Amino acid sequence: MRTRSDQLGSPRLLRVMNERLLLDHLLVRGPASRADLAKITGLSKPTVSAALAGMEDSGLVHLAGEVLGRPGPVTSLYDVTAGAAHIGAVDIGRDWIRVAVADLRGRFVGRKDGRNAAKNSEDLVSRVRELAQAAAGQAGLPWTSVITAVVGSPGVYDKDADRMIFAPNLPGWEGSGLGDRLRTALGVDVTIENDINLAALGEHAYGAGHGIANFALVSIGTGVGMGIVVNGELYVGARGAAGEVSFLPAPEPVPADDDTLRHGLTESLAAAPGVVRAARAAGLHLDTAKEVFTAAAEGDPAALEVVHAEGRRIGGLIVAVASVLDPELVVLTGGVGHNLALLGDAITSRFAELGPLRPRVVASTLGDSGVLLGAVARALSQAWDHIFDLRQSGVQPRQSGVQYGMSR
Amino acid sequence: MSGVIGIDLGGTKCHGALGDAAGAVLAEFRTGTDVPGGAGEVLTLVWRRLRREAEDRGIDVRHATVGIPAVFDPVTGQASQGTNIGWEGFDVAAVVETFEVPVLVENDANLAGLAEATAGNAVGVPDFVLLSLGTGFGGALFAGGELVRGARGAAAEFGEMLLADPEGGLVRAEDRVSGLALRDDARKLVTGDAGAAAELGEVPTAQTVIAGAVRGERHARLLVEEMLDALALVVVNICATTDPRLVVLDGGMGRALAPFTGALASRVAGLGVSSPRVAVSSLYPNATISGALQQSVRYVERCVSKANLL
């Protein structure tokens, strides 16, 4: 019987679709034989063989080994050639810039973190380039083997104006032409995404949010932000401003100065500078939120009080979010937020005061790699789309590190 | 000829419509829920009445959809979180099982949102929220064109949001923004204030207060403005969390607030990070019934196309 796809799909389209299907299985399950792949995918064995041969020619898969000692012929196992191309992940924060180079399985092969001492955006972009080259060098690769990069930054990227908005913590970051400058400096296709959205993607792909359709990542550090996964996908809102919870109205008095208006009420209270302010008001001579939490961990009663008040604030923030999204899980992260062991009781007691139906709260286990891992997840899906687009358009790249370079 | 029935079971009234095979309204019936036997009794009454209207017209009712102001748990068949009207544990499934046709039970605001998305203000707007303001306060959230239900079906239950109370502490949004809240605030005001009583009457209702505010009367205006302040905080909470492009007001009170959408939008713009457009539903007879009829029409169409295949 003739199917519709016989008439509609070109042979090349079908071949590429089959290739992608096989590749996805290899990525998820690891090395497999032609017979295994035929059984899993329902494709015929000759189709599987032809598709694998095509991808082997292009360097995307390789013979990973042979199963011996069974009756019948030797079985060859195929695997993805993870090093066929690389992707870049960049996390630009107020204090640190982190760059990772990952292979096609998403494994970091190089990573370089550096202090962010930039005074303007030119400084910042050139620092990113230095770290990118150092990270690639660590993996023994030229940066040019990277085919696409995803950059996480505080704020909301306005694509039309090519600038960040709501990024008051980074000097000069709200000027136009940002994407162009990063693209020129890195020499690859660059996607800019809100860092907290990437952290949520990182949790969804590799962390506590794995397999959870509705969850929120709440980051409390220098700033306050939230990344949302609804119905199984990252959700950024109509204009990319979903999760900008720093602008939630605060339920306690806040000094109504320009700084507060710029950062948002909730951020002024709950972010690290707010914690330090509260600690000083309580008579503690401490300079960072980290010191406040250390003092609390050592049992300092004043510091414990400050941390308790912070926990109640975070509990209230989560309740506000839950009334809109009803998430199954909230993942806490950031310099302040990751201290769930100290904050947990206050958060729970605030929940109990405010009503019965509240989400589970856990601390992120991805440490300072959360944003990078989200950038890797995003860059990988772009890289694979690009690779298969090229194959579909009939471009047959030679075997080399730069074969899958993306046009800008 | 085949037809469908859509029913909006609200906190103070139950309003249903008989639709033709395409969902166009042929007859309506509306009654208060303040009867012995409560919501279940009224729902059955409205169903029977519309069934009669169908029989009189020779219409064969194939499916019904009922919108309820609560979260419907499809596993237990029970409603939960319908705070106004003693809905907790109301066994909707047991009532609609007596209807003799397939019945879909769905949150009223979700039905309204689906109707807005396909035939109302939100056509071509994938990211929007619907605020259902009637006796109580519910809502629906659409993200990237999809309805968001949340982990327990309680997403967009905006009435449960907590707001800072001007007198200190926190207050549920529904206790500040709803027909019931407006009525209670007005009645509290008239008991202690002869001037307010002269203006608002001895037993003001949400409708009379809003009508007075539209006429520019002082006490009514103050009451409505206080409610708009609280409503603006709810909208800012929603915007900071999900960044919608559009906010649609529906429900009896939501529609009555049409003259105040500008006042609401400017309050939100003064507080928020992104300012959505504010619009009032224009679907007939209301967005929930329109959505209920639409869902039933879809169900019947699916059955017909399946029958054609077999």
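The values are calculated or read from the model by the stated rules, or taken from the named source; none is laboratory data. Predicted model, so just to flag it, every value in this text is computed and none were measured. Here Cβ is always computed from backbone atoms with ideal geometry, including for glycine, and neighbour counts include all displayed protein chains.
Observations, loosely collected:
- Complete set of residues in segment A:334-392 that are of a type in the set (S, T, N, Q), within 18 Å of the chain's Cα centre (by Cα) and crowded, with 20+ Cβ neighbours inside 10 Å: A:Ser364, A:Ser369
- Those residues of segment B:163-187 which are of a type in the set (Asp, Glu) and within 14 Å of another protein chain (Cβ to nearest Cβ), in sequence order: B:Asp165, B:Glu167, B:Glu174, B:Asp175
- Candidates A:Gly227, A:Gly299, A:Gly237, A:Gly283, filtered to the one that is crowded, with 19+ Cβ neighbours inside 10 Å and part of a loop (DSSP other than H, G, I, E, B): A:Gly237
- Of the residues making up segment A:170-196, those that are touching a residue at least 12 places away in the same chain (Cβ under 8 Å) and among the β-branched types (Val, Ile, Thr) are A:Val188, A:Val190, A:Thr191, A:Ile192, A:Ile196.
- In segment B:109-162, of all residues being touching a residue at least 40 places away in the same chain (Cβ under 8 Å) and in contact with a Pro (Cβ under 6 Å, 6 or more places away or on another chain), the one that is farthest from the other protein chains (Cβ to nearest Cβ) corresponds to B:Gly136.
- Hits in segment B:275-293 - residues which are hydroxyl-bearing (Ser, Thr, Tyr) and either without any contact (Cβ under 8 Å) to a residue 60 or more places away in the chain or more than 12 Å from B:Gly19 (Cβ to Cβ) (or both): B:Ser275, B:Ser281, B:Ser282, B:Thr288
- Any hit, segment A:244-252, residues being out of contact with any strand residue (DSSP E or B) (no Cβ under 6 Å at 6 or more places or on another chain), at the interface with chain B (Cβ under 10 Å from one of its Cβ atoms) and closer than 17 Å to A:Arg378 by Cα: no
- Residue list for segment A:209-234, filter: under 22 Å from B:Asp127 (Cα atoms) and either charged (D, E, K, R) or more than 9 Å from every other protein chain (Cβ to nearest Cβ) (or both): A:Leu217, A:Val218, A:Gly225, A:Gly227, A:Val229, A:Gly232, A:Glu233, A:Leu234
- Filter result for B:Gly262 (over 18 Å from the mean Cα position of the chain (by Cα), outside any loop (DSSP other than H, G, I, E, B) and either within 14 Å of chain A (Cβ to nearest Cβ) or not aromatic (Phe, Trp, Tyr) (or both)): yes
- Meets criteria (away from every other protein chain (no Cβ under 14 Å), of a type in the set (Val, Ile, Thr), more than 15 Å from B:Leu133 (Cα to Cα) and in contact with a helix residue (DSSP H, G or I) (Cβ under 9 Å, 6 or more places away or on another chain)) for B:Val224: no
- Residues considered: A:Thr184, A:Thr191, A:Thr222. Of these, the only one that is polar (S, T, N, Q), outside any helix (DSSP H, G or I) and outside the structural domain of A:Arg358 (by TED's automatic domain parsing) is A:Thr191.
- Condition check for B:Glu202 on (1) more than 14 Å from chain A (Cβ to nearest Cβ); (2) of a type outside the set (Lys, Arg); (3) surrounded by 24 or more Cβ atoms within 10 Å (Cβ to Cβ); (4) not in a helix (DSSP H, G or I): one failure, at (3).
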